[in-house]
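> My questions all concern the structure below.
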Ligand code: TXA
Ligand code: MG
């Protein structure tokens, strides 16, 4: 049985006690729910990898309460510092040269860089303050599954493998943080909750693209595998719906099928923020309908659309055999 508690001050205090004792707590952030553990404890971090069945070469994001704290773990200078000042607290993760030695080497997967962010969700910030330590927290789903944007998703996917789930309602952003490597030229490793355009406006230039896996440039190790997979197959850029298909619409393009099939519209008004916030919940719901294929309407690729189309492309990618 998984314990789910509304994220009130008493539950947050209980969660902090669990974390300080080396336990696992799932908690809401503005992007998705995270599976948190004390980032300074090798044993606690090992439990994250076991619960998620995550390969150990895939490093974790370290969450801290404020910018000054991030400086204890990573070199936050120049472009990185400008981005942190502009977007923290918020859905931006910066990959920095690691500094100091307090973070578990398992959390860093042995790399000499560290991914850090200051989340904007009040529950996440209260938990970081109460635990009084950095928290390693990947998305609170089993490796390869859709990220959770509600406490119930966490319980469905990780039930029994986490000591406590703090329920803070639905996540407002709904897609994971944007990851930018600042190890030289700022490089976009993963589109996410902060649109590329906003980051480029602060930098005054374009973000570099992550080189393919064979290149020397950094690539988020977790992005090598196909990811975010529902059980159903996804068919992208659908302009019509086939028999047996469920429908993930955007802006009402496929609304003619709304009463005939399992149907969700990410945003009838065509708003990309609303669409990002609903993306994973709608994928979960359509997947549960049992349809073998989900037809997905075309979605613009600007602003938050870049993160949405990235996640959909991953969900549509050919599956590797379960590891
Ligand atoms: O919004 C988010 O970022 C959520 C919430 C919980 O904060 N977390 C999240 O974590 O999405 P996760 O583990 O699902 O994705 C983290 C990604 C992985 O693809 C990992 O490979 C990459 O960050 N990453 C972590 N450390 C890295 C590093 N030093 N260099 C490059 N990529 C790194
Ligand atoms: Mg994840």
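The values are calculated or read from the model by the stated rules, or taken from the named source; none is laboratory data. Not measured: the values here are computed from a predicted model. In this analysis, Cβ positions are derived from the backbone assuming ideal geometry, glycine residues included, and neighbour counts consider all displayed protein chains.
> Taking residue 50, is it within 19 Å of the chain's Cα centre (by Cα), at pLDDT 95 or above, more than 11 Å from ligand 1 (Cβ to nearest atom) and surrounded by fewer than 18 Cβ atoms within 10 Å (Cβ to Cβ)?
yes
> Can we say residue 127 is outside any helix (DSSP H, G or I) and either away from ligand 2 (no atom under 16 Å from the Cβ) or farther than 25 Å from residue 311 by Cα (or both)?
no
> Of the numbered conditions (1) within 25 Å of residue 178 (Cα to Cα); (2) in a helix (DSSP H, G or I), residue 286 fails exactly one; give the number of that condition.
Here residue 286 meets the rest and fails (1).
> Looking only at residues in segment 130-151 that are in a helix (DSSP H, G or I) and farther than 17 Å from residue 172 by Cβ, which one is nearest to ligand 2 (Cβ to nearest atom)?
Filtering first and then ranking leaves 131.
> State yes or no: is residue 168 on the phi > 0 side of the Ramachandran plot and more than 9 Å from ligand 1 (Cβ to nearest atom)?
No, not satisfied.
> If the requirement is being touching a residue at least 40 places away in the same chain (Cβ under 8 Å) and surrounded by fewer than 21 Cβ atoms within 10 Å (Cβ to Cβ), which of these qualifies: 70, 13, 37?
13
> What do you reckon, is residue 27 touching a helix residue (DSSP H, G or I) at 6+ places or on another chain (Cβ under 9 Å), in a strand (DSSP E or B) and within 15 Å of ligand 1 (Cβ to nearest atom)?
yes
> Continuing with the same structure: Being part of a loop (DSSP other than H, G, I, E, B), surrounded by fewer than 15 Cβ atoms within 10 Å (Cβ to Cβ) and either within 16 Å of ligand 2 (Cβ to nearest atom) or at pLDDT below 95 (or both) narrows it down to one residue among 214, 225; which is it? Walk me through how you get there before you give the answer.
Numbers: 225 fails: surrounded by fewer than 15 Cβ atoms within 10 Å (Cβ to Cβ).
None of the other options fit; the residue is 214.
> Which pairs have Cβ atoms under 6 Å, sit 6 or more apart or on different chains, and link a residue in segment 248-264 that is on the phi > 0 side of the Ramachandran plot and crowded, with 19+ Cβ neighbours inside 10 Å to one that is modelled with pLDDT under 95 and part of a loop (DSSP other than H, G, I, E, B)?
Listed by first residue and then by second, the contacts come to nothing, as the list is empty.
> Taking segment 93-112 only, how many residues are under 23 Å from residue 205 (Cα atoms) and more than 16 Å from ligand 2 (Cβ to nearest atom)?
3
> Please list, ordered by first then second residue, the pairs with beta carbon atoms under 7 Å, 6 or more apart or interchain, first in segment 132-147 and in contact (Cβ under 8 Å) with a residue 12 or more places away in the chain and over 20 Å from residue 40 (Cβ atoms), second within 8 Å of ligand 2 (Cβ to nearest atom) and in a strand (DSSP E or B).
So the pair list comes out as 147/139.
> Within segment 91-110, track down each residue that is part of a loop (DSSP other than H, G, I, E, B) and under 18 Å from residue 186 (Cα atoms).
Scanning segment 91-110 gives a single hit, 91.
> Among the residues of segment 138-153, is there at least one that is buried (at least 24 other Cβ atoms within 10 Å of the Cβ), over 16 Å from the mean Cα position of the chain (by Cα) and within 13 Å of residue 35 (Cβ to Cβ)?
no
> Oh, and also: From 126, 72, which residue is away from ligand 1 (no atom under 15 Å from the Cβ) and within 20 Å of the chain's Cα centre (by Cα)?
Numbers: 72 fails: within 20 Å of the chain's Cα centre (by Cα).
Matching residue, one of 126, 72: 126.
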